[in-house]
1. Between C:Lys185 and A:Glu69, how many nm apart are label points set 7 Å from Cα along the C-beta direction?
2. Can you tell me the orientation of helix A:117-128 relative to chain A, as the angle in degrees between its alpha-carbon axis and the longest Cα principal axis, to the nearest 10?
3. Can you compute the helix-only [θ] at 222 nm over chain B? Use -39500 (n - 2.57) per DSSP H run of at least 4 residues, normalise by all residues, nearest 500 deg cm²/dmol.
4. About its Cα centre, what dipole magnitude does the range C:83-373 give when the only charges are +1 on Lys and Arg Cβ and -1 on Asp and Glu Cβ, stated in debye to the nearest 20?
5. What average number of partner chain Cβ atoms lie no more than 10 Å from the Cβ of the residues making up B:291-300?
6. Averaged over C:164-173, how many beta carbons belonging to a partner chain fall within 10 Å of each residue's beta carbon?
7. Step through the residues of the range A:199-213 one at a time and calculate ³J(HN,Hα) from phi using the Karplus curve (6.51 cos²θ - 1.76 cosθ + 1.60, θ = phi - 60°), rounding each to whole Hz and writing x for Gly and Pro.
8. Using a 7 Å offset from the Cα along the Cα-to-Cβ direction at both A:Arg107 and B:Tyr32, what is the distance between the two label points in nm, to one decimal?
Amino acid sequence: METLLQFLHTGAFFNFTIGNLVMLVVGAIFIYLAITKDYEPLLLVPIGFGILVGNIPLQWGMNIGIYEEGSVLSILYKGVTQGWYPPLIFLGIGAMTDFSSLLASPRLVLLGAAAQAGIFLTFLGSVALGFSFTDAAAIGIIGGADGPTAIFLSSKLAPELLGAIAVSAYSYMALVPVIQPPIIKLLTSKKERLIRMEPAKPVSKRLRILFPIIAFLITGFIAPGSLNLLGFLFFGNLLKESGVTERLAQTARTAFIDIITILLGFTVGASTDASRFLTPASIKIFVLGASAFAVATACGILFAKLMNLLTKKKINPIIGAAGVSAVPDSARVCQMVGAQEDPRNFLIMHAMAPNVAGVIGSAVAAGILLATFG
Amino acid sequence: METLLQFLHTGAFFNFTIGNLVMLVVGAIFIYLAITKDYEPLLLVPIGFGILVGNIPLQWGMNIGIYEEGSVLSILYKGVTQGWYPPLIFLGIGAMTDFSSLLASPRLVLLGAAAQAGIFLTFLGSVALGFSFTDAAAIGIIGGADGPTAIFLSSKLAPELLGAIAVSAYSYMALVPVIQPPIIKLLTSKKERLIRMEPAKPVSKRLRILFPIIAFLITGFIAPGSLNLLGFLFFGNLLKESGVTERLAQTARTAFIDIITILLGFTVGASTDASRFLTPASIKIFVLGASAFAVATACGILFAKLMNLLTKKKINPIIGAAGVSAVPDSARVCQMVGAQEDPRNFLIMHAMAPNVAGVIGSAVAAGILLATFG
Amino acid sequence: METLLQFLHTGAFFNFTIGNLVMLVVGAIFIYLAITKDYEPLLLVPIGFGILVGNIPLQWGMNIGIYEEGSVLSILYKGVTQGWYPPLIFLGIGAMTDFSSLLASPRLVLLGAAAQAGIFLTFLGSVALGFSFTDAAAIGIIGGADGPTAIFLSSKLAPELLGAIAVSAYSYMALVPVIQPPIIKLLTSKKERLIRMEPAKPVSKRLRILFPIIAFLITGFIAPGSLNLLGFLFFGNLLKESGVTERLAQTARTAFIDIITILLGFTVGASTDASRFLTPASIKIFVLGASAFAVATACGILFAKLMNLLTKKKINPIIGAAGVSAVPDSARVCQMVGAQEDPRNFLIMHAMAPNVAGVIGSAVAAGILLATFG
Amino acid sequence: MSESIQFSLEFAVIGISIVFLVLAIITGAVTLIRTADVRWREKEERDDAAAFERDPTIDTTTLVLIAAACATMIQGRFHIRRVRRLMPRTSQQGTWSVQGRAILHGSHVVPKKR
Amino acid sequence: MSESIQFSLEFAVIGISIVFLVLAIITGAVTLIRTADVRWREKEERDDAAAFERDPTIDTTTLVLIAAACATMIQGRFHIRRVRRLMPRTSQQGTWSVQGRAILHGSHVVPKKR
Amino acid sequence: MSESIQFSLEFAVIGISIVFLVLAIITGAVTLIRTADVRWREKEERDDAAAFERDPTIDTTTLVLIAAACATMIQGRFHIRRVRRLMPRTSQQGTWSVQGRAILHGSHVVPKKR
Ligand code: NA
Ligand code: NA
Ligand code: NA
């Protein structure tokens, strides 16, 4: 009987906290939202199940928990803490991203820059709320609306906040269709939302091959801190566009990114045990994250309106909201909002330009934060 | 000429032992059985070729052998010694396992529990034969009839016996159609073997989604030691059943599990060099392994007969043999034995329920052993 | 403003050297050749882009560069420095190589041995030029015309020359159709080039299954140093030929080798920063590499002519050039040169025999070099 | 009987009991959910019948992209020729990005029901 | 001639000799097996001809599952309707598990010849 | 205003400026190449038209292998039967290696234009 008691002591009952219960509910909600609402399922399902795994309380010393050196989970989590899962995911994203819309309308790239103001304003707000510079930088990147970028930067600058930042970033990315439409409607007039943009000209194969090389050199020289993300993104894109490495691109955008996504999502989820996650800092991070998304959306829209003051070819300011990244959701939101005014106004292709530019923009911003505070 | 002699000295001739020759023959037999008999080919071919590789005798210091720190084989073998290949294989198995038959007949799950008695009786026998508790625990798990579970547990509890345990487990799993039928016939009457079971009702998608989550929470709370295996198994199964993560499940059950299987089989094989493998302990392990399988089979059958005494809906006791796991072989064996009495009695779908329950059962048993002796 | 200056200081402008510019041009040329000439695109594109990444000059301490311990690139580069990318690539190559042509004409295997003279003569030349034995051994392997073998051996014997050796090996492999034809024409008469060879007999499945096992045992016993490469090559080939492990072979020759190729090419490229690459040693290596290819080609052809003196069944000496490996390019070159004399003379199938034998031959030579100097 | 055998015996009994406990609870839980599920299923089946008529056979984004392509062609006549010329060059795919397929990260599908 | 050059020369000769040795043994072994194989092949071809007529075009497990499905339908009439209704919901696949496909681990195929 | 806030403010301004700088340079570079590309494209289109007629619909190596297979069959009548017999045994693939597919390493495709 002593053995039985000893065994049950290793079980969860004695160590279970109310915090764990809360986290189990959070994990279940993530899975529920992913399945019923189709919100970011490829990440919310792994993260959600990971949260369940991370909140089964374990007796220390069984070498199972993600924070116990040498356990299986801790070994798989190294890709997060050492920061190499996100670059490999960027490799796969590069191999599946088509930059044609950006190349067709290069001036729309600037909208992707404007939306990154959300990052820096959130940084400012975080410092004001008392976070250290490194923590503030990691929190600010939530405004980049880009999961791997957020995980990469916070693993480098604020490892102890990684779980909260990752969960916050993916939560708000899932809520883009809820957050963005009211902001768009608030900041634009009906007349503006009705603007039709001229379809762009087709893009040559040569330009699509040259783009990843040239864009890499520009970003690499000015913001070398972004090399870990953009080096892999543009490498993946070159594999896709070169025309001679299709089998590598095919693997990068299927098996490779899937494997890394499974491991990344699962271990990020498993790292959020209640004692580390349910802290006042996390609540602040969620508030700051929400404002980061709102500010980024607003900046994109307002900058589009500013550009309209200066140029003749009018931009529909709705697509400024797509500058936050969250590819391709925010572009879809723009299409949706535009279609509410004029069902035959097809904004989605135009919105893809700031959308992918936003990915580059957030990675550059991450590079700047890393170079300054890393 | 001196150089030539020096070179040849690094060759195998001087270090070759009769033991190596025996192991080379064993490796060749594994490959032969896999190819001609179709016995577990996905594991016997890698293990068999690995045995050949591991028994080419090498001069120490060339940094090639699997037990030389820093060699290529030793690096790939880390997935075994650190224990993360088996959980990743369970992830893939989860993504390819359909628990419908179990969900359709939940009471048959208990047969999968009964067969695990083989594990604990073998543990008892091993202690009686003089093995330490940890070694006995690792040997006992052979009775679980589950390769990755056996490798995982022995890597944690008895690394020096890993080769013998793995080879023993896979050998007997390959021999399931030879071992089980006589035991089944011995323990059942013709009348019992003729019992027809009612086809089960279909299972809803919702139940199939909820199952991995709920089963994970139950096993995780009571036997957290099984988390490394069952956490991944049920995670993989959720990816399969969720309906929104099909591309992740698809990769998990193809490229991902294939890569890990290749590396696991090959390195486990390569770890069995004669000096470590051909020991008196290995012979005892093979004897204990055989009895473990026999006991597990018998317990499953007898428990089915016990259940028949207590319930009205009769169970064909043949399917108790499927409780040992060895998915899906032992279920097929049940079908085969049943069909010998009545060719129109289709037991295979009923046998799948204890069969997959047996996988869960052995992982729970492994968790108990790990929590107690780890 | 101070911050801005500080930030820009981390940028590339201050650290950029003329050497970096040269390397960026080299990287661009690699990509250009791969895309426009279809030269080895699956490796030249990753290596080329890697060179760009490796020559963005970084401020030390940002933890980004490939030579900074703990950076993402340094972690991915470990597969090269620890030497396990090349064996895994050999696994994939084994799973895609058909040894039928070799099995149909076993005597042509000797041509694959003759061409390895290039390795040993280059070793001799390198020692004469003042390189140490280990460096000379690593340089000599360029004559093997086999990328993974060259990377594997130089990672073990001369890590500091790895970049130069890898780039040199792949450059000349890309230039095989430029290098080989004039040598072939110089060393053969028109009459010899017109020799038609009898089509070989078909090869049984059994022979194809036995070959990887027996060839592994032969090479493993005599040159165990080659085990890291040939063990994996023949294992992969057994997976392909066994007929019962097709799903493993399928993954090994697609997703698995693709992933490793991407990581290998990219990190090898990134390791060639100007300060390490643009040295007098590199220039010597390029000169020696060119002569190694020429000597290997010549030895293959001359040995074919020697065999013609001794046997009745004449060999077209053109196919001796295929003994250098560079699969399947040099076989194609042989076909091309032969077709110039007689468009209906189909040498390509005969040339495949020395071609794949050359792969085995270079790996054996690498094993000898490793055993002697490792 | 030696002490270690006695411990082992005790442990074996407890061990198999816990295995039974876990699997029995799973049996119970599954049975419970199955029962609850019957009611859900009945509702589900009614919904299914309705959904069968309502369900789109093509997803929204694809529809938007097709409509956009058509609109582009109609908008200016000179474009029609251009499209014809480009069609066979499959690698080019026109300007209208197939980005919509890059749904892996930073994305969820806009709910179909809206 | 310097000592290191002399060593290198000696080593080069030995090295290429070993390469030749290894590949010559492979040549010999392959030739040997080819010869032995001729007899095997002749037998194989006779077996092949026989097998061509005997070989099942569908594997045993699949056959069992199909038969089971049929049997299930015949056994109780009320089930026939149910099956018709369920067919189009592909994600459900009925109760009869496709588990047979999970042949990767803990498994070998029951020999076809039995 | 505290010192850290002031620093943060300054940093935020500089940071967003650098982001704009980078993306503006990208915008400029893309615009530049697009302009240059127009000339290239015109040339390309003329080439394309020509290539459409010249381009082989099958790659050289495949052609060589097919031709070789035919030649083999014609060369000796007795081979024709042999081929017929081997065809259905797909796993054997005949002697003529499909090695050409192993183009991954140590390889580049022989330029098609030669
Ligand atoms: Na962004
Ligand atoms: Na079991
Ligand atoms: Na070679």
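1. Modelled inter-label distance: 6.6 nm.
2. The answer is roughly 40 degrees.
3. Details: 21 runs with 263 residues, N = 374.
Per the formula, -22000 deg cm²/dmol.
4. Using only the charged Cβ atoms, the result is roughly 1040 debye.
5. Working: counts 0, 0, 0, 0, 0, 0, 0, 0, 1, 0.
Average neighbour count from other chains, rounded to a whole number: 0.
6. Working: counts 0, 0, 0, 0, 0, 1, 3, 0, 0, 4.
Mean partner-chain Cβ count within 10 Å for C:164-173: 1.
7. x, 7, 7, x, 10, 6, 4, 4, 5, 5, 6, 5, 4, x, 5
8. Going by the 7 Å Cα→Cβ label model, 7.9 nm.
Values in this text are rule-based calculations from the coordinates and carry no lab data. Here the structure is a predicted model, which means the values were calculated and not measured. Reconstructed Cβ throughout: ideal geometry from the backbone, glycine too, with neighbour counts over all protein chains shown.
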